[in-house]
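Only one structure is covered here, and it is reproduced in the block below.
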Amino acid sequence: MTNWETRPEPVGPTPWRFLPASEWPDEDLVNLGADLEPSTVIAAYRLGVFPMEVTGLPGVLGWWSPTPRGILPLDGLRVTKSMRQSAKRYEIRVDTCFTRVMRECANPERESGWITEEFIRAYTKLHEMGWAHSIEAFDKSGEIAGGLYGIRVGRLFAGESMFFKQRDASKVALMALVDLMKTSGMALLDVQWCTEHLATLGCIEIPRHEYLTRVAEAVGS
C-alpha cells in the first residue's frame, strides 16, 4: 500500500494567521512570513495558498494565490499519440522515491529553480505523514525518467513541480496522476500558473474567486 492509499496523519492548528481572501491584494503574492511546519502548510493549501520563496528576499517565505489560477480539468488532459506511445516505455510507480523526485525538480541547472533544502525537508516530512505524494516514471532498465510531486488534501491535488530526463516522461507521469485522481474520486488538480507548456496539455485559467470556491469544496472546508 502506498502513502496515496492511506489516511494522512492529522495536523494540529497553525499558530499563524493568514490574511483572509477579502484582504488579499490583487496580485499573486498574498502573505509573507510564517514557517513550513506541517500544520502551517496544510492550512495554507486548504485556503488556496501555497509557499514559495520571494525573489529578492532570500529566506523570506512568500504565500501565493495566483490570479488567475491554473488548473487542469480531469476530463481535459490532452493526450497525444506521442504520449500514448511513450507511456508504453515507462513503468509508473507512486510514492517510491519522493525525495529523489523533489531533488530532481530542484536541480540548480533548471531554469527558474526555487526549491531549497528547507522545502525538501518540509515536504519530505509531509510525505512521511501521508500528505505529499510523487508519481514516478521509470524506464525499462529501472532508471527514473521523470516524475512530479504535490500535496493531496481531500479531493484536491496541488501539483508543485515536475521533471523529465527522457522524452515525455513527465507527461506520462501526469497522465498517471489524472487516472489516479479519477479512480480516487478526486475533483481538483491545481497547477498554480498556467504556462504555455501546461496549456498545451489542457490546463486552463480560472478567476481566483472561482478557484477558492472549488478548493473549499474539494478539501471539505
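Cβ-Cβ distances below 8 Å connect the following pairs, each with a first residue in region 17-28 that is closer than 15 Å to P207 by Cβ, a second residue that is outside any loop (DSSP other than H, G, I, E, B) and aromatic (F, W, Y), and a separation of six or more residues or different chains: D28/W64.
Here T14 clears all of (1) over 30 Å from L180 (Cβ atoms); (2) in contact (Cβ under 8 Å) with a residue 24 or more places away in the chain except the condition numbered (1). Taking residues in region 159-188 that are at positive phi, and partners anywhere that are buried (at least 18 other Cβ atoms within 10 Å of the Cβ) and hydroxyl-bearing (S, T, Y), the pairs with Cβ atoms closer than 8 Å and at least 6 places apart or on different chains are D168/S86.
Quick check on my filter: what residues within region 133-151 are in contact with a helix residue (DSSP H, G or I) (Cβ under 7 Å, 6 or more places away or on another chain) and either under 15 Å from M186 (Cα atoms) or among the aromatic types (F, W, Y) (or both)?
At the first step, the residues of region 133-151 found to be in contact with a helix residue (DSSP H, G or I) (Cβ under 7 Å, 6 or more places away or on another chain) are 133-137, 144-149, 151.
Those that are in contact with a helix residue (DSSP H, G or I) (Cβ under 7 Å, 6 or more places away or on another chain) and either under 15 Å from M186 (Cα atoms) or among the aromatic types (F, W, Y) (or both): H133, Y149, I151.
Taking (1) under 24 Å from L201 (Cβ atoms); (2) in contact (Cβ under 8 Å) with a residue 40 or more places away in the chain in turn, N3 satisfies each apart from (1).
Of the strands (runs of 3 or more DSSP E) lying entirely inside region 123-190, those carrying at least 3 residues that are farther than 21 Å from R69 by Cα and either of a type in the set (A, V, I, L, M, F, W, C) or modelled with pLDDT under 95 (or both) are 132-138. Of everything in region 169-204 that is exposed (fewer than 14 other Cβ atoms within 10 Å of the Cβ) and among the polar types (S, T, N, Q), the residue that is nearest to E104 (Cα to Cα) is T195.
For region 109-122, filtered to residues that are among the acidic types (D, E) and at pLDDT 80 or above, the residue that is surrounded by the most Cβ atoms within 10 Å (Cβ to Cβ) is E118.
Say whether the condition of being among the β-branched types (V, I, T), in contact with a Gly (Cβ under 7 Å, 6 or more places away or on another chain) and without any contact (Cβ under 8 Å) to a residue 60 or more places away in the chain is met by at least one residue in region 127-139. Let's see the steps before the verdict.
Keep residues of region 127-139 that are among the β-branched types (V, I, T), which gives 135.
So of that shortlist, the ones also in contact with a Gly (Cβ under 7 Å, 6 or more places away or on another chain) come out as 135.
From the residues that got through so far, the ones that are without any contact (Cβ under 8 Å) to a residue 60 or more places away in the chain too are 135.
Within region 127-139, one or more residues are among the β-branched types (V, I, T), in contact with a Gly (Cβ under 7 Å, 6 or more places away or on another chain) and without any contact (Cβ under 8 Å) to a residue 60 or more places away in the chain.
The values are calculated or read from the model by the stated rules, or taken from the named source; none is laboratory data. The shown structure was predicted, so the numbers you read here are calculated from the model rather than taken from an experiment. Every residue, glycine as well, gets a Cβ built from its backbone with ideal geometry; the counts of neighbours run over all protein chains shown.
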